[in-house]
Amino acid sequence: MSITHLKRGKPADERSEDDVKVRTIVEGILDDIQKGGDTAVRSLSEKFDKYSPPSFKLSKGDIEGLMSRVSDRDMEDIKFAQAQVRNFAREQRKSMLDIEVEPIPGVILGHKNIPVQSVGCYVPAGKFPMVASAHMSVATASVAEVPRIIAATPPFKGEPNPAVVAAMHLGGAHDIYVLGGVQAIGAMALGTETIKPVDMLVGPGNAYVAEAKRQLYGRVGIDLFAGPTETMVIADDTVDAEMCATDLLGQAEHGYNSPAVLVTNSRKLAEDTLSEIARILEILPTAETASVSWRDYGEVILCDTHEEMLAVANDIASEHVQVMTDRDDWYLENMHSYGALFLGPRTNVANGDKVIGTNHTLPTKKAGRYTGGLWVGKFLKTHSYQKVLTDEAAAMIGAYGSRLCMLEGFVGHAEQCNLRVRRYGGRNVAYGAAAE
């Protein structure tokens, strides 16, 4: 096996140091919110966002006023994108069926898919107003028929972003708050005097938002640990350096710590891509962010074979994996750890992020090894139920249950079963013999 790193990002120990700093800061903020409620939230908003309105919750009039500032074309585009997300979420929901079976005569087993009762959706907007994130969280929760959906977004340039608010409202948010970062996450999860806590938090965010969700997990549910965006391009000599460089930097502009990785079996493509990235960074309007991200977190990995490329990709388990090779479907068949796949040069991560219909809230930091991304099913809880209809079934199952409880030493458990054998088994049922 021959795997060569032509470019590496920050060492793992330095990244770990950054994580520790974030963890400590978030712990303090959440503790302030727990103790101080609305007062703490207002103080944090003033500190981090320089924003302190009479009310963080938007009124109906506020929402209508902001939406009136969205151009007709932008509104049409928002509605188109939201329709794609809703349509795909509806198809996913159709695949989740309630079931009821009778595996033994008189014994009914089933499950029901029940919506989470309240959800807090976070939509980033501090640096870039991420309109699409409202579709991914709010609209998808609406398709799942969540009864209470609240949404929070930070101020953008000192005020609510009209397009983000429009997307939240059209998506089905019942209440909209203009709050950012950890203070928004903490307020929704912990509750304050004016914000009733939710059962679940969803939505992407920066490292601080991701850490807040991690620390609150258990007290509330979360969609997944979705930290700073990650992208990987798997490419061979069927594509050129301009496409690879564009697709890597297109995601690196998200933030200062967004990993972007090229995995290829073509040295020429690898070297040309490095040169092309340098060229694009000279003219990219967001180069101030993308250049830092590429410098500290960018990687170029050269392999000999597609098998090696596959192994590297599965190990890294990137959030977005863009495959542009002569065997894209082979990667689809064999990739097992990733957030979402984007197959072929006609496909790109930006379309997935904004409009194509799949959800863009995806696992990062190798979480793709054990979870997929946000989807309508994340807002549904699958609950089982059981029902025994006949005396014969009660006695037969009871006899099995009694023996198995005693095998583990649970006498009280066994008596629950024995009582049913006595009540419903009649004189002909002996303990331990009913099922034989």
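Top to bottom by accessible area (1.4 Å), largest first, where do Arg42, Arg420, Arg219 land?
Arg219, Arg420, Arg42
What percent do you get for the relative contact order of the chain when only Cα pairs under 8 Å and 6+ apart count? Write down the numbers at each step before the final one.
On the way: 885 pairs, mean separation 81.0, N = 436.
Averaging sequence separation for qualifying contacts and normalising by length gives 19 percent for the chain.
Using only the Cα atoms of the chain, each taken as one equal point scatterer with no solvent, compute I(q) by the Debye sum, divide by I(0), and report log10 of the ratio at q = 0.06, 0.08, 0.10 Å⁻¹.
These q points yield log10 I(q)/I(0) values of -0.34, -0.56, -0.79.
Run down the lysines and flag those whose C-alpha is under 22 Å from the C-alpha of Lys47, throwing out any fewer than 8 positions away in its chain.
Correct list for Lys47: Lys21, Lys35, Lys57, Lys127, Lys157, Lys213.
With every protein chain kept in the model, how would you rank Phe342, Phe128 by accessible area, 1.4 Å probe, largest at the top?
Working: Phe342 15, Phe128 80 Å².
These residues rank, largest area first, as Phe128, Phe342.
Per residue, how much accessible surface does the range 1-61 expose to a 1.4 Å probe? Answer in Å², no decimals. Before the final figure, lay out each step's value.
On the way: 3990 Å² over 61 residues.
On a per-residue basis, 65 Å².
How far is helix 287-297 tilted, in degrees, relative to the longest principal axis of the Cα atoms in the chain, given as a value from 0 to 90 rounded to the nearest 10?
The two axes meet at around 60 degrees.
Express in Å², to the nearest 10, the accessible area of Cys405 obtained by rolling a 1.4 Å probe over the protein heavy atoms while all chains stay in place.
Looks like 20 Å² after rounding.
Given Ala125, Thr286, Thr238, which one lies farthest toward the positive end of the charge dipole of the chain, if we put +1 on the Cβ of every Lys and Arg and -1 on the Cβ of every Asp and Glu?
The residue sitting farthest along the positive end of the dipole is Ala125.
Between helix 411-424 and the chain, what is the angle of the helix's C-alpha long axis to the longest principal axis, kept within 0 to 90° and rounded to the nearest 10?
So the inclination is approximately 60 degrees.
Can you spot the lysines whose alpha carbon is less than 19 Å from Lys94's alpha carbon? Ignore those fewer than 8 places along the same chain.
Lys112, Lys378, Lys381
Leaving out ligands, DNA and RNA but keeping every protein chain, what accessible area does Tyr370 have, in Å² rounded to the nearest 10, with a 1.4 Å probe?
About 140 Å², ignoring ligands and nucleic acids.
At a 1.4 Å probe radius, carbon and sulfur cover how many percent of the accessible area of the chain? Mind showing how you got there, number by number?
Details: 10880 of 20860 Å².
Reported share for carbon and sulfur atoms: 52 percent.
Using just the helices of the chain, give the 222 nm mean residue ellipticity in deg cm²/dmol: DSSP H runs with n ≥ 4 each add -39,500 (n - 2.57), and the total is spread over all residues, rounded to 500. Could you put the intermediate results ahead of the total?
Numbers: 16 runs with 201 residues, N = 436.
After summing the helix terms and dividing by the residues of the chain, the value is -14500 deg cm²/dmol.
For the range 259-273, list residues with backbone N below 12 Å from a point placed 7 Å from the Cα of Asp304 toward its Cβ?
none
Over the range 307-348, give the accessible area per residue in Å² for a 1.4 Å probe, as an integer. Write down the numbers at each step before the final one.
Values: 1810 Å² over 42 residues.
With all protein chains present, the range 307-348 gives 43 Å² per residue.
Specify the angular offset, from 0 to 90 degrees and rounded to the nearest 10, of the alpha carbon long axis of helix 241-252 from the longest principal axis of the alpha carbons in the chain.
That works out to roughly 60 degrees.
Please work out, to two decimal places, the log10 of the ratio I(q)/I(0) at q = 0.12, 0.22 Å⁻¹ from a Debye calculation in which every Cα of the range 198-311 carries one identical scatterer.
So the normalised log intensities are -0.51, -1.06.
Counting heavy atoms of the protein chains only and a 1.4 Å probe, report the per residue accessible area for the range 194-273 as a whole number of Å².
Working: 2870 Å² over 80 residues.
Per-residue value: 36 Å².
The values are calculated or read from the model by the stated rules, or taken from the named source; none is laboratory data. Not measured: the values here are computed from a predicted model. Cβ: placed from backbone, ideal geometry, glycine included. Neighbour counts: every protein chain shown. Each accessible area value is taken on the protein alone, full model and side chains, heavy atoms only, with ligands, DNA and RNA left out. Shrake-Rupley method; radii C 1.70, N 1.55, O 1.52, S 1.80 Å.
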